[in-house]
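Step one of this worksheet: look at the structure below.
The values are calculated or read from the model by the stated rules, or taken from the named source; none is laboratory data. Since the structure is predicted, the reported quantities are computational estimates derived from the model, not experimental observations. Cβ atoms come from the backbone with ideal geometry, glycine included; neighbour counts cover every protein chain shown. All accessible areas refer to the heavy atoms of the entire protein, side chains included, with ligands and DNA or RNA removed. Shrake-Rupley method; radii C 1.70, N 1.55, O 1.52, S 1.80 Å.
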Amino acid sequence: MNIEIKDIQKRFGDFVALHRINLAIRQGELLALLGPSGSGKTTLLRIIAGLEQPTSGAILFGGDDLVGQSLRERKIGFVFQHYALFRHMTVFENVAFGLRVKRRRERPGEAEIGKRVRRLLDLVQLGPFGGRYPSQLSGGQRQRVALARALAIGPRVLMLDEPFGALDAKVRKELRRWLRGLHDEMGLTSVFVTHDQEEALELADRVVIMNGGRIEQIGSPESVYEQPASAFAYEFLGNVNRFECTISNGEAVFPGGTISVSEDVVHNGGEAIAYVRPHDIEVFSGPAIAALPATVRYISAAGPLAKVEVAAADDRLIEIELARPVLRALALKVGSLVHIRARKARVFRRDTEPSPGEALSMRGEGRYPEQATPPAPMWHI
Amino acid sequence: MAAETKAPASGPAPASAAAIDEPAWVRRLLIAVGLVFIGLFLVLPLVAVFVEALSNGIGAYLAALRPPDALAAIRLTLLVAAIAVPCNLIFGVVAAWAIAKFEFTGRSLLITFIDLPFSVSPVISGLVYVLLFGAHGWFGPWLVANNVQIIFAVPGIVLATIFVTFPFVARELIPLMQEQGTEEEEAALSLGANGWQTFWRVTLPNIKWGLLYGVLLSNARAMGEFGAVSVVSGHIRGLTNTMPLHVEILYNEYNFVGAFAVASLLALLALVTLVLKSLLEWRFGHELAASRH
């Protein structure tokens, strides 16, 4: 069943948390709402789930408007960021809760409840843990109990608020893969909120990038990563080098050099910002056409890609990622003189771009405090 | 043992095994002071009550509890507690719920007012009711005209007791409910529970221990309250005397055995309350620990 979100607006006093959001969630897809703290993603999720009422707008669920409907009628499985398990109930009773509170004529018998709960516990690989209390479980196990509990009501949609936020890196990765498998297996429509771009890009069928209560971009992980629609999206999705420049004859000109620009050319003489991903920079040991001289400041060779920081002529730092064989072939050392060239750059007009100060000031003001990912490093050249 | 003991140069007794431990003599002194204080100020008076009550033998003790006035005082005390405690239980839960789960104007005012009975003298709490409902009070003429008696009657005693014991349940629950937040209630609602089911199945089980403590404390105070009740009661023997008031009357009449017999009964009720609390803590300690985090 498709969910259509129409003109949803939400205010908290003077603060506008959501500006006229329009979004269609397709049957069977796994959708990520991605954005920094305070971008409105959790508010949007809670509004769809009915935990919060929108100031205006409609949510159509296969044609019915959900706004004003009770949570019971919505039948949306919601997994809370901190799980919100019932601490005084065993795992079994937690999962059974949604079945036990059904109206009498819809409520399954005790034997049927037991059967369904056991099936769900097996599904989340917690079969032997039914008799435990939440406080006796690890974070990952609690998360799976929360999931089983949400699935018990046979939800039309599954919604997850920062589902992996409170878990350590290894568990997070396992659980992510497992959740993807579960989603595919059950054919559910799922929406999850995250501030972790890697998580969104890896897990979701489509990613909705949100910023300041607005949707910046909607697309597949490949398309949003490869073709960010805005400067914000570009900066938010992965590390980036940022060059404030002016455009002149198809080149981005900035103090200390130029980058040739092949796409999205801003009109001649326009103020712009050119973004270059660290892995889109070529490094030469000697001079090369259109390459800038730079000095290697820092090399970190741990991991599949080596991270190299070089200082350009005006002393500003540029981040580069190199495959390790390339690093070895160049025989780079801290202090080496190199020449660098952008393989690919993306240019946005400067006035359309939220200033970094503004973007940063959004952090910590959100209604739902969360761990902010550090902003992508930005180097001004 | 001696090898790992490092006595501080100035310390007279080289006894502490770990750096953070106090020297043994300090420990012993502190424990002794604590025990002596408790013995002197808490245990001894309690023992004295029972000793005095039983000084003429168990027969005299039981006889002292048998006069109709004494029985009336016991009945009245139990009646007042039986009305005041449930009232404060309901009100305490409602107030704590409102304060912990909602943001509204007047919230901090409500928190302040809940503490009021703790900060004003019980005598004043009693006088307030006399001022409101007494014959010369604000509602006095209307009450007289309609033949309703509040002051110098059971309703006044109940009102004064409710006032005095008002904060116990709410005070116990507010921090607990604030700490627990609203996420579990939201989860229950999202799973299809209605408000009533959410309260009975999620909220109440989560606060039941705090609630029980609040009720026990509130009950102990309701039965033992003297000041406020004394002002509104009128001391009519057999009608408006609660146990504490009855104790005072007997004492003033030099009926020491009688006074201490009734007092011992009151003390016994308090002791039962404490034992009950400890028993429950011991029996459900594990569950209690789980519900606290």
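At-a-glance table
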{"read-out": "Qualifying lysines (Cα of each under 20 Å from Cα of A:Lys333; at least 8 residues distant if same chain)", "value": "A:Lys307"}
{"read-out": "FRET efficiency, 1/(1 + (r/R0)^6) with R0 60 Å, evaluated for A:Asp314 and B:Ala98 via beta carbons", "value": "0.45"}
{"read-out": "Among B:Ser55, B:Ser190, B:Ser264: highest mean-square fluctuation, GNM of chain B, C-alpha pairs under 10 Å", "value": "B:Ser190"}
{"read-out": "Approximate spin-label separation B:Leu110-B:Glu22, in nm, with each point projected 7 Å along Cα-to-Cβ", "value": "4.3 nm"}
{"read-out": "Top of A:Glu251, A:Glu106, A:Glu162 by mean-square fluctuation, Gaussian network on chain A, Cα under 10 Å", "value": "A:Glu106"}
{"read-out": "By accessible area with a 1.4 Å probe, ligands and nucleic acids excluded, highest first: order of A:His195, A:His279", "value": "A:His279, A:His195"}
{"read-out": "Percent antiparallel among DSSP beta bridges (both partners in chain A, rounded to 5)", "value": "75 percent"}
{"read-out": "Nearest 10 degrees, 0 to 90: helix A:110-123 Cα axis against chain A principal axis", "value": "20 degrees"}
{"read-out": "Two-site FRET efficiency, B:Leu62 against B:Phe41, from Cβ-Cβ distance with R₀ of 35 Å, rounded to 0.05", "value": "0.75"}
{"read-out": "Cross-link partners of B:Lys101 among aspartates and glutamates (Cα-Cα below 16 Å; sequence separation of 8 or more within a chain)", "value": "A:Glu52, B:Glu172, B:Glu179, B:Glu183, B:Glu184, B:Glu185, B:Glu186"}
{"read-out": "DSSP H segments from chain B that extend 18 Å or more along their own axis, Cα-based, with Kyte-Doolittle mean of 0.0 or above", "value": "B:24-38, B:68-101, B:154-180, B:204-224, B:256-283"}
{"read-out": "Theoretical ellipticity at 222 nm over chain A - DSSP helices of four or more residues, -39500 (n - 2.57) apiece, nearest 500", "value": "-7500 deg cm²/dmol"}
{"read-out": "Under 13 Å from the B:Val123 label point (7 Å along Cα→beta-carbon), backbone N, segment B:195-232", "value": "B:227-232"}
{"read-out": "Separation of the B:His235 and A:Thr246 label points, Cα + 7 Å toward Cβ, nm", "value": "9.9 nm"}
{"read-out": "R0 of 30 Å, Cβ-Cβ distance A:Val171-A:Glu29: FRET efficiency to nearest 0.05", "value": "0.75"}
{"read-out": "DSSP bridge orientation in the protein assembly as shown - percent antiparallel, rounded to nearest 5", "value": "75 percent"}
{"read-out": "Set of lysines near A:Lys6 by C-alpha distance (under 21 Å), chain-local residues within fewer than 8 positions excluded", "value": "A:Lys41, A:Lys75"}
{"read-out": "Point-to-point label distance, A:Ala301-A:Arg119, nm (Cα→Cβ direction, 7 Å offset)", "value": "5.6 nm"}
{"read-out": "Selected from A:Gly140, A:Gly63, A:Gly98 as most flexible by GNM, with chain A as the system and alpha-carbon contacts under 10 Å", "value": "A:Gly63"}
{"read-out": "Rounded tilt (10° steps) of A:139-151 against the dominant C-alpha axis of chain A", "value": "60 degrees"}
{"read-out": "Full-extension gain in nm, A:Val67 to A:Arg328, via 0.36 nm per residue minus C-alpha separation", "value": "88.0 nm"}
{"read-out": "log₁₀ of I(q)/I(0) at q = 0.06, 0.09 Å⁻¹ - the protein assembly as shown, Debye sum with one point per alpha carbon", "value": "-0.58, -0.96"}
{"read-out": "0 to 90° range, to nearest 10: angle between helix A:169-186 axis and chain A longest Cα axis", "value": "60 degrees"}
